[in-house]
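Only one structure is covered here, and it is reproduced in the block below.
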Amino acid sequence: MGKGMHLCSFSCTAANLKKSLRNENGVLYALKHYPLISTFDMSEKPWLRNIIEALEKKGFIKKEKEPYPWHRWSLTAEGEKLV
């Protein structure tokens, strides 16, 4: 067997949204289908961090346990109603 290399960009669906979808609904939809966001995306994309904080305050998402470097959120019943 040959030697291989595994690369991970640590990027996620929510962090790669087009500018027109960088809103609460866009992030909710992205989290429904892929609930992980990397620590790197959270620190490098203030728009994403701000939307996540707003969604948490409104009770649409809740933080789940996930090992570094990932963060995981699940949609609450109220968040599910919006998607």
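At a glance:
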{"read-out": "Test: residue in segment 52-64 that is more than 10 Å from the chain's Cα centre (by Cα) and on the phi > 0 side of the Ramachandran plot", "value": "yes"}
{"read-out": "Wholly enclosed strands (runs of 3 or more DSSP E) of segment 13-83 bearing at least 3 residues exposed (fewer than 14 other Cβ atoms within 10 Å of the Cβ) and modelled with pLDDT of 95 or more", "value": "61-64"}
{"read-out": "Cβ pairs under 7 Å, 6+ apart, first in segment 10-30 and within 9 Å of residue 48 (Cα to Cα), second of a type in the set (Asp, Glu) and crowded, with 16+ Cβ neighbours inside 10 Å", "value": "15/41"}
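The values are calculated or read from the model by the stated rules, or taken from the named source; none is laboratory data. Computed from a prediction, not measured in an experiment: that's the story for all the values here. Backbone-built Cβ (ideal geometry, glycine too); neighbour counts: all protein chains shown.
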